[in-house]
Amino acid sequence: MRKLKRLAGVLICLLAAAASFAQPTFPENGTADPRHGHYAFTHATLVKDATTTLSNATLVIKDGRIVAAGAGLAVPQGAVEVDCSGKFIYPSFIDIYTDYGTPQRQQQTGPFNFFAPQQLETAVKGPYGWNQALKSDADVYKVFSVNEAAAKSMREAGFGTVLTHVKDGVARGTGAVVTLANEKENLVIVKEKASAHYSFSKGSSTQTYPSSMMGYIALLRQTYLDAAWYKTRPYQEGFNATLQSWNDNQGLPQVFESNDKWNDLRADRIGDEFGVQYIIKAGQNEYQRIKEMKATNATFILPLNFPQPQDVEDPNDAKFVSLQDMKHWELAPANAAAFEKAGIPFCLTTSDLRSTGLFWSGLRKALEYGLSETRAMEALTRIPAQTLGIYDKVGSLDAGKLANFLITSGPIFNEKTSILYNYVQGIKYNVKDGNDIAGTYQLTINTPDGTENYTLDVKSTSSLTMWGKDTLNSKFNFDGKQVKLSFAALSKRQRPLVADTAQRRPGGFGGRVGMTEQTLPANATRLGGISNGKEWNGTGVDSMGHRLTWTALLVKEAETKSDSVKKKEAPVTGKVSYPFLPYGWDEEHQPKQETLLIKNATVWTSEKEGVLQSTDVLVRNGKIAAIGKNLNAPDARVIDGTGKHLSPGIIDEHSHIAAASINEGAQSVTSEVRIGDNLNPDDINIYRQLSGGVTTSHILHGSANVIGGQTQLIKLRWGANDTDLKFAGADGFIKFALGENVKRSASTQGNNRYPDTRMGVEQVLTDAFTRAKDYKKEWDDYTTARDQLIKAKKPLTGLNPPRRDLELDALVEILDRKRFITCHSYVQSEITGLIEVADKMGFKVNTFTHILEGYKVADKMLKHGSNASTFSDWWAYKMEVEDAIPYNAAIMHKVGLNVAINSDDAEMARRLNQEAAKTIKYGGLSQEEALDLVTINPAKMLHVDNKVGSIKVGKDADLVLWSDNPLSIYAKSLYTIVDGTIYFDRQRDEQLQQEVMAERMRLVRKMNGEKKSGMPVLPAQPTYEILHSCSDHGHSHGLLVVEAEE
Amino acid sequence: MKKLFNLVWMIAVTVAVCGQANVLPAPAQKGLLFIRNATIHVGNGTVIENGIIQVRDGKIEKVGRDIEIPATAEVVDAKGKQVYPGLILPVSSLGLVEIGAVRASNDAREIGDMNPNVRAIVAYNTDSKVINTLRSNGILAANIVPQGSFLSGSSSVVQLDAWNWKDASLKTDAGMHLFMPSLMPRPNFGRGGGFPGGPNAGTVTDPVKEGVERLEKLKAFFREAKAYNAVTGHSEVNLKYESVKDLFSKKQKFYVHANTVKQMLVALDFVKEFGFDMVIVGASESWEIAGLLKQHNVSVVLQQMHSLPTTTDDNVDQPYKTAAALQKAGVLFAISDDDPQTRGRNLPFNAGTAAAYGLTKEEALSAITLNAAKLMGVGDQTGSIEPGKDANFIISSGDILDMSTNNVTDAFIQGRKVNLDDKQKQLNDRYEQKYELKQKKGF
């Protein structure tokens, strides 16, 4: 300890000497003062990297670099020796996700607004790309400036090197590696173009597109294609700085900020498509899908901000805090540990923290929750360096690398350890220097009347206890060099000054926290002086105004607290469930396909066989294996169907559940976006709808524009990931829309987007398909020419492929009968109009959806070959449904159309069987016909009737066992089966309800415990659910629902 | 014949074009009317098989089996059919809103948040095309409620077969409506809510504190109104004070639109301090405090039967089961539909859902008939098939609670046989003719 004091003193004196480098090209105002910063740090425990620790070793640095590192090295001639006995030296940390030294970010723009005018074009002037959110031309080094305040807090946390970039836009340009030295920018930039950055955030872009997750993905995909095409220097494009730099940046490490487990996968899939492996800046919830994270093969950058506990003492507040939020609070700190356990490489970042000062508390929490110290060290040194390809420069204490290292008082992750100095490029920065002044000092004050003696028990740089004959009231401050002390006799009411409770941490942040404010009388004795190591000298003024001199001598160092801190037990936590919602499956209870024999049920086949009484159905390998009487299967689990009804699983032709976004409403034609790119398996409505017998849902784009996005058919495989939710092998569909929504009639703030009338809608359609045809021809011409050249064995030089256009690709698929339309439509004029466009352009409208005036033009739809998917009885919610009638489905059915009843609503989907039953009342359909409206008919219009929609041998075992006639309001689903797997079981549901209650109780208690222990808690935050719909019909979904298009 | 065909065809077309102009309110019923061979669902839980209802001058005179029917009397034979009290929609904007998205057709919500003097009845449009579509499903009375953000005004109970609102009204200004502040933080999600990044914006103010302060101001208003109304002959008239006079005498019901436990508990203040006859509307969380509601004699209108559970953690069937919890606790409750106007016709199916999840069918029926009448203050006039009440009942060929059997063939309001035609039936006719789907009427 004594040695340390001495060391501290020496180093302080050297601070000024370890001066900056000179830049040869810069003129010197004065005389040259070349220095080399040549030091040897001896007798240290040298942690060269996370796995190599040398005792009694020496580190030699010169000119800002490491010259040598090892045990038994001699101190080179000309080097200043610094004795580091008892000290540890580590490579300093690297954070590759910062915006250090970048200009203040501009305000984020708001999300898509269904009602407001749109900004359809970029507002940026110059030779840039079409979309304002693409800023690939931004190079951070051009705007970077050293920010000492930010650098200091980073250095205090242990960082020496960071990757910085401007966190603005979908494509964000390049990042630069810089050190945190307070030197001229030229000298701190280690690598000026070290990375290229992307995100799913428009940042400051005011342009409306993209306005959805799907739109982000489409924009990125299209830009990859455009950039590739731009390499051929197409004359039509002119100079495009955005695409130019996009291409230039491709050779760099590509970093994608996605901040959420599903977004991570979405980003990774974009990368896969274009041969890019992104480094993924993650969020906090990846532990919820760690297998999927592993499969990305990405290196992740993990933040250390974790949810705070909430105040859930009042049960009426607690009720609205969801189980998944509480579970996430409990499990988020284990995110890094989950990555380690899964063997996924990762870095750690200070990003997303409210302040850099919270880094260590976050890191300690991660360690407490199972992250190993070795992996933590690697995640802060080697991995980030290797990830950026700068391990030859930073990341370990090897000769030739930058002299970026930390000197600590002990093992770095030890709770009691302090970072004393942070050397950046060989320049010393004090972190906790001089703070080790704790000890007992003898203070002698020379007054005109003689000497007075006092004892000082110094606890920290801001706290001491002082006594002479009695304890005195005092105020103390030590800034590393200057000492200030004032004191006065203690008044009777004042209690002795208590040492401040601020905890010491590496980085020394808690210095002033918790300090009690002491009021001293105005006539207190004031002393000021300088620390000369273990002796302090100074002058002062007493209460009478007499001048004094004083000396304080260290008589006893504070006892070093023994490092007996036990490794904390990893906290006991709940389990991850799939999905991460109540009623999910945990790891040990995953759903599995079973051999099932449903005995003696009333079987509604939705086939020509109609309803079969007292019939058995055997399910094997996910398929319907047999239908008949007295079936036997010894290996099967038998379900007694006596008195019960078995129907095909219900198919919802029009749904908006399980998606992160559904409307890319920023343009009138957005056929490039795909619902399938942004499925969200964490939607409780999947489970709720299973409880209503739904097994297949067609997830549609919204109705904000004429040609909307590509749709996605899913099976309600509760717990599956976003890929496994998809209905494999199904034809692709696309959503179109007509009428009030696409002409933005609801726009209260004025519509500026074409079209504004049904006349314009028809022209948008005509134009889109005209362009699609031209595009198709352009490609056909190109392939013909190419094939001819190949055949003639001539070089292809000069023949460049046309630009791939994702928007037109989808339309060409429609023309080629490879993609099929489901069109939101209401009134007869627009229906007839679309049919005419389709006939003229040579495509089919596969399905008219909603189609509430379908009954008026059923004959025309039939002639065109369309299907119809409608609501049972909703009307009058807007002008274009004034003539909607509940007899619509029945009339269209009777005319000969294939008709379905859909929901477009997360709530109504749970009762689709009942909605279908209304056609018995309105229009007199038979019960079998009514059930077909939600089983085989939608299967037909979705082209999957060979797989689902009826109970037929060989078809998928998507079945519902009902307690009653499925068309009756009294029927409840007892079992809902998808692919032979029971995903909903009413008895199990009751058991799960109990488990949800118990788990909630446990977590509420745990949070209350945190509150009682004095942890800061947030007010209870109700967990809101986001629901999407076509924005068509108001329907309350309860208190905690946010209607996404509200 | 061909001429006749054309004539009838033209009439049919004209009728369809005019919507429902030909659907006339029925004239007053005079003398005796009998319904016989009926399965009578009285509305109070009892069922009379093969029963007879005797009506005189619009009122039910007798109900039972042993009732003599004079040979000359007008008789409706309900053999094999079910007879129910006319259904009552306890909360609705029927007649106030014609088309949701068309602003000009909306009269449900006045500006301002202290509108006790606003009266829904004066805007009730008896010619709304929506009304007949409800009537066709057996809904014969409704409570017409002004919407709002706080104290929204008075509702009136109407019967659904009338020339104008004066004739329609069964009980004018029968209820006063308070829409409770949410008392719950709701971050500003912005338009488009679920956009990437998700809900993260914090709320600025404390909604509980803010809400409670507003309610304290409201209580002060009621105190002043009470004092004001205790004396007559004010030199300066205060319309707002005067409009709440009947609350204190319980002549007017106090409807509080509230869902959370906290909202409902705060609302009890109005019972405790002012002795109001309170009905909670919405009440999605009422199952948690059913006992307390009973203890304070608070009745309930459940409005969210066909709704999603409030929280992700709730039982998937929770909204369906709430009615049974109230029944068990003995709370007087009715069932409504959250939709402002058109889907009120699904009222019987809301009740049917409650029956599927714990109520008996007769209890579920009471929730859309007698209970509704009672809590609206018209229980002595209507709501059940009992002597002395208005002859408001419907005949259905099957169980009305189930959409697959519900088929209302006849309806009587004050003994008047109601025309069950509506605009939608007429459009159906029109297009069935276009496609020759059935034998044209009258040929």
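Coordinate-derived values only; no laboratory data. Here the structure is a predicted model, which means the values were calculated and not measured. Don't worry about glycine lacking a Cβ; one is built from the backbone with ideal geometry, like all the others, and counts go over all protein chains shown.
The calculated FRET efficiency for the pair residue A:361 and residue A:455, based on their C-beta separation and a Förster distance of 30 Å, comes to about 0.30. Shielding value for B:91-104 is 3, the average number of Cβ atoms from other chains within 10 Å of each residue's Cβ. Computed 3J(HN,Hα) for region A:752-760, one whole-Hz value per residue from the Karplus formula 6.51 cos²θ - 1.76 cosθ + 1.60 where θ = phi - 60°, is 10, 9, 5, x, 10, 9, 5, 5, x, glycine and proline marked x. Compare the Cα positions of B:248, B:175, A:147 along the charge dipole of the protein assembly as shown (+1 at Cβ of Lys, Arg; -1 at Cβ of Asp, Glu; about the Cα centre) and return the one farthest towards the positive end. Value computed over the given set: A:147.
Among the listed pairs A:142/A:281; A:856/A:952; A:62/A:184, a Cα-Cα separation exceeding 27 Å is found for A:856/A:952. The trypsin sites (Lys or Arg not before Pro) found in region A:746-822 that occupy coil by DSSP, while having at most 15 further C-beta atoms within 10 Å, are A:793, A:817, A:818. Look at the stretch A:912-920: the mean tally of other chain Cβ atoms within 10 Å of its residues' Cβ atoms is 4.
Beta-bridge orientation, chain A: approximately 65 percent antiparallel, per DSSP, counting only bridges with both partners inside. Which parts of region A:119-162 would a label at residue A:23 reach, counting a residue when its backbone N lies under 17 Å from a point 7 Å out along Cα-to-Cβ? Only A:140-148 fall inside the zone, counting backbone N under 17 Å.
For residue B:422, nonlocal amide neighbours, meaning residues 5 or more places apart or on other chains whose placed amide H falls under 5 Å from its own, do not occur. Pairs from the table (A:840/B:425; B:328/B:423; A:261/A:319) lying more than 29 angstrom apart at Cα are A:840/B:425; B:328/B:423.
Segment residue A:277..residue A:784, full-extension length gain: 179.1 nm, with 0.36 nm per residue of separation and the alpha-carbon distance subtracted. Note on residue A:446 and residue B:24: their simple-model spin labels are 12.3 nm apart, each label 7 Å out from Cα toward Cβ. Amide H to amide H, with H built 1.01 Å from N, residue A:984 comes under 5 Å of A:976, counting only residues 5 or more places away or on other chains. With R₀ set to 60 Å, the beta-carbon distance separating residue A:469 from residue B:265 gives a calculated FRET efficiency near 0.45. Counting charges near residue A:969 (Lys, Arg +1; Asp, Glu -1) among other residues having Cβ under 12 Å from its Cβ returns a value of +1. The distance separating the Cα centre of region B:124-185 from that of region A:769-816 comes to 63 Å.
Largest mean-square fluctuation among B:253, B:361, B:262, in a Gaussian network model of chain B whose springs join Cα atoms under 10 Å apart, belongs to B:262. Bridging of residue A:416 to aspartates and glutamates at a Cα separation below 16 Å is possible for A:156, A:368, A:373, A:433, A:436, A:559, A:563, once same-chain residues fewer than 8 apart are set aside. In region A:666-718, a dipole from Cβ-located charges (positive for Lys and Arg, negative for Asp and Glu) runs towards its positive end, and of A:679, A:701, A:691 it is A:691 whose Cα lies farthest in that direction. Qualifying trypsin sites (Lys or Arg not before Pro) in region A:636-712, where qualification requires a DSSP coil assignment and no more than 14 other C-beta atoms within 10 Å, are lacking entirely.
When B:248, B:270 are arranged by Cβ crowding within 10 Å, least crowded first, meaning fewest neighbours, the order is B:248, B:270.
Between B:256, B:271, B:378, the Gaussian network model of chain B with springs among Cα atoms under 10 angstrom shows the greatest mean-square fluctuation at B:271. The phi-based Karplus calculation (6.51 cos²θ - 1.76 cosθ + 1.60; θ = phi - 60°) puts the 3J(HN,Hα) values of region A:826-834 at 10, 9, 5, 4, 6, 5, 4, x, 5 Hz, whole numbers, x for Gly and Pro. The H on the amide N of residue A:483, modeled in the peptide plane, is under 5 Å from the matching H of A:529, A:530, A:531, each at least 5 residues off or on a different chain. Between residue B:248 and residue B:380, the C-beta separation translates, for a Förster distance of 22 Å, into a calculated FRET efficiency of about 0.55. When A:296, A:695 are arranged by Cβ crowding within 10 Å, least crowded first, meaning fewest neighbours, the order is A:296, A:695. Computed extension length for residue B:297-residue B:47: 87.3 nm, one decimal, from 0.36 nm per residue of separation with the Cα-Cα distance subtracted. As an exercise, identify the GluC sites (Glu not before Pro) in region B:216-315 lying in DSSP coil whose Cβ has no more than 13 other Cβ atoms within 10 Å. Loop-located and lightly packed - B:236. Treat each spin label as a single point 7 Å out from the Cα along the C-beta direction, and report the residue B:56 to residue A:586 distance in nm. Here the answer is 7.2 nm between the modelled labels.
Only the Cβ atoms of Lys and Arg (+1) and of Asp and Glu (-1) were treated as charged; on that basis the dipole of chain A about its Cα centre amounts to roughly 2700 debye. Inter-label distance, residue A:1011 to residue B:186: 2.4 nm, where each label sits 7 Å from its Cα along the C-beta direction.
Summarising the strand pairing of region A:583-645, around 70 percent of its internal DSSP beta bridges are antiparallel. With a 10 Å cut-off between alpha carbons and a GNM built on chain B, which of B:349, B:221, B:179 moves the most? Looking only at B:349, B:221, B:179, the largest GNM fluctuation is found for B:221.
Looking only at region A:304-337, which residues have a backbone nitrogen under 18 Å from a spot 7 Å from the Cα of residue B:206 in the C-beta direction? Residues A:310-318 fall inside that zone.
Averaged over peptide A:881-890, the number of partner chain Cβ atoms lying within 10 Å of each residue's Cβ comes to 5. One Cα centroid belongs to region A:235-288, the other to region B:325-348; the line between them spans 52 Å.
Here residue A:972 is the anchor, and the aspartates and glutamates within straight C-alpha reach of less than 12 Å, apart from those fewer than 8 places off in the same chain, are A:964, A:985, B:317.
In a fully extended conformation the segment linking residue A:766 and residue A:77 would gain 239.7 nm over its present Cα-Cα distance, using 0.36 nm per residue. Across all directions, the average projected area of the convex hull around the alpha carbons of region A:954-1025 is 8.0 nm².
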